[in-house]
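Scroll down for the structure; my scribbles are underneath it.
The values are calculated or read from the model by the stated rules, or taken from the named source; none is laboratory data. As the structure is a computational prediction, the values presented were derived from the model and not from experiment. Don't worry about glycine lacking a Cβ; one is built from the backbone with ideal geometry, like all the others, and counts go over all protein chains shown. Areas reflect the complete protein model, heavy atoms only, side chains present, ligands, DNA and RNA absent. Shrake-Rupley method; radii C 1.70, N 1.55, O 1.52, S 1.80 Å.
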Amino acid sequence: MAEPGKVDMDKIASLVKRRGFLFQSSEIYGGLASCWDYGPLGVELKNNIKREWWRTNVQQRDDIVGLDASILMHPSVWTASGHVSGFADPMVDCKLCQKRWRADHLNDGRCPDCGGEVTEPRMFNLMLKTFLGPLEDDAHQVYMRPETAQGIFVNFSNILTVSRKKLPFGIAQIGKAFRNEITPGNLTFRTREFEMMEIEYFTVPGGAEELHQEWLDDRLNWYVDLGIDKEHVRLRRHGDDELAHYAQSCYDVEYLFPMGWMELEGIANRGDFDLRRHGEESGKEVSYYDELSGQHIIPYVIEPSAGVDRSALAFLTDAYTEELDEKGDLRVVLRFHPRLAPIKVAVLPLSKKETLAPLAKEIYTSVRQHFMTQYDDTQSIGRRYRRQDEIGTPFGVVVDFQSLEDNQVTIRDRDSMKQIRVPVAELVGTLQRKLDGEPLDVLPPGGSYWLGFDES
Ligand code: ATP
């Protein structure tokens, strides 16, 4: 039996592959190390995470606006930001097996694979390079952005002008980032191409510390509100020796992954480092006119920086449960929060008999206008329930022979396996309310409790 917080990564790996959440990139050519493709369910999960993040941080706040900046940026951006000189890990090579390791990932100073002696550490820049235009020379070299944040900083003045926001205010962005990681692994935990959800929240310097604290609570609660067990997330303050070159102080939101407590999101107080550096490097004024003091100031910034892929892995891991059903058979359930579940509703005719198909298809057509819905009429109803449990579908709608008489269907709840019976006319509204968190036993007009179909 899987213990909470101690789910085996192999089980997650097998489920995500089997059910089409994740495939290895370029698999038919033997795969490309640490690059992943999200399958039909994975892309839904990822989109739902991004949508929730945007809803909480942009749609529901009037002090944050969105941005979608280009991945390729002027090379000076990365000189100003410190990435060209500082975005590097100390690396060592094993003299025996030639594998390359991050110096802080060694076992007693020796190669973790073969125990061989290693070279002196050398700095290795993590930025991926490419070329713009037909010439592959230094003048045409650009970087694939290693974070989305710099797109926000260089647009600070543009956004200030068009949005006319007053401090404190923020800019939010979701997008791909690239890092030539030396130690990728653990499925999508650390990859070379990944997606970030970043906010730069600007404030007068004196307000930064208080806002930093507020963001720590906000961000931790976001994961818990979306279903992560609060015992499985925590905040960890960076020690002075860990702080990045730009950070005044930094906390990580950590999640209890199968391999231990690991970073899910970084929340840093970056001071005025970035805006000041872009002002210096570009020669353009990057500042804010503070009406209170009558002066131009360079705002401080708080940066909650989260990974979409790492969040998806955490939500998957936390949702994974195994239990024994009444007959002693294993039931695997992804207990996703309904907002994150890739498929919200499964329409399941009780039997494959042709008489049921027209009504079941009609219901499917109407329900899928509102929610991601699957139609499944193969195998026994019990098997179909299990298939939906395993991908985390919150509700099954069963159309049976009695439905043809009374125009009612049953709704089966993933977590409790309880069922209610509702008129077809009430179905979409009832599903919407249940997905929004209404308890199953609150019945719509004409609804009733239902003993349910045998799960076998
Ligand atoms: P780590 O050292 O754990 O790889 P980091 O400290 O370099 O991460 P940050 O620069 O703080 O990470 O990036 C912010 C967030 O972006 C991380 O918390 C993580 O969710 C995500 N992230 C960063 N690097 C990767 C990566 N290589 N693969 C997947 N997600 C990443």
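Details
- Shape class of the chain from the Cα gyration tensor (axes a ≥ b ≥ c, square roots of the eigenvalues): prolate, since a/c reaches 1.5 or more and a/b is larger than b/c.
- Unit charges on C-beta of K, R, D, E only; dipole of the chain, Debye: 1080 debye
- 14 Å cut-off, amide nitrogen to a point 7 angstrom out along N407 Cα→Cβ, residues in segment 334-363: 359, 363
- Distance in nm between pseudo-label sites at D218 and D63 (7 Å out along the Cβ direction from Cα): 0.7 nm
- Legend: calculated FRET efficiency, N47 to V428, from the Cβ-Cβ distance at R0 = 22 Å, rounded to 0.05, equals 0.55.
- Reducing segment 211-286 and segment 291-370 to their Cα centroids gives an inter-centroid distance of 26 Å.
- The residue among V332, L128, V84 whose Cα reaches farthest toward the positive pole of the charge dipole of the chain, with charges on the beta-carbon of Lys, Arg, Asp and Glu, is V332.
- Under Karplus coefficients 6.51, -1.76 and 1.60, residue-wise ³J(HN,Hα) of segment 338-343 in Hz, glycine/proline x: x, 5, 9, 4, x, 10
- Largest-first ordering by accessible area, 1.4 Å probe, given options L243, L126, L404: L404, L243, L126
- C250 accessible area, assembled protein chains, probe 1.4 Å, Å²: 20 Å²
- Ordered by solvent-accessible area of protein heavy atoms (1.4 Å probe), largest first, the residues K46, K361 come out as K361, K46.
- Among the helices of the chain, none built from whole DSSP H runs has Cα atoms reaching 20 Å or more along its own axis together with a mean Kyte-Doolittle hydropathy of at least 1.0.
- The modelled label-to-label distance between D290 and Q248, using points 7 Å beyond Cα along the C-beta direction, is 1.1 nm.
- Pairwise FRET efficiency - L32 versus R164, Cβ, R0 = 51 Å, nearest 0.05: 0.65
- Estimated at the nearest 10 Å², the accessible area of I302 is 0 Å² with a 1.4 Å probe.
- Calculated from backbone phi, Karplus (6.51, -1.76, 1.60) coupling profile of segment 74-88 in Hz, x at Gly/Pro: 4, x, 5, 3, 7, 6, 4, 6, x, 6, 5, 8, x, 8, 9
- Label-to-label distance, E323 versus S416, with points set 7 angstrom from Cα along the beta-carbon direction: 1.2 nm.
- Listed residues Y385, G307, H296: farthest to the positive end of the dipole of segment 274-390 (Cβ charges): Y385
- For segment 207-348, the dipole from Cβ point charges (+1 on Lys and Arg, -1 on Asp and Glu) about the Cα centre works out to 480 debye, to the nearest 20.
- Net charge dipole size for segment 86-198 [Lys, Arg +1 and Asp, Glu -1 on Cβ; Debye, nearest 20]: 500 debye
- Residue order by solvent-accessible surface for C35, C97 is C97, C35, largest first, with ligands and nucleic acids left out and a 1.4 Å probe.
- Annotation: per residue accessible area for the chain equals 48 Å², rounded to a whole number [probe 1.4 Å, protein chains only].
- Each other residue within a Cβ distance under 11 Å of C114 adds +1 if Lys or Arg and -1 if Asp or Glu, for a net charge of +1.
- Segment 262-341, accessible surface, carbon-and-sulfur percent (1.4 angstrom probe): 47 percent
- Here the accessible area of segment 391-456 is 55 percent carbon and sulfur, with a 1.4 angstrom probe and all protein chains present.
- In this calculation the C-beta distance from E181 to S366 is compared with R0 = 35 Å, giving a FRET efficiency of 0.15.
- Shape of segment 333-382, Cα gyration tensor, a/c cut at 1.5: oblate
- Net length gained if the chain between L72 and C97 were fully extended (0.36 nm per residue, minus Cα distance): 5.4 nm
- Top positive-direction residue, dipole computed over the chain with Cβ charges, set S14, V118, G279: S14
- Amide H contacts under 5 Å for I64: G170, restricted to partners 5 or more places along the chain or on a different chain, H placed in the peptide plane at 1.01 Å from N.
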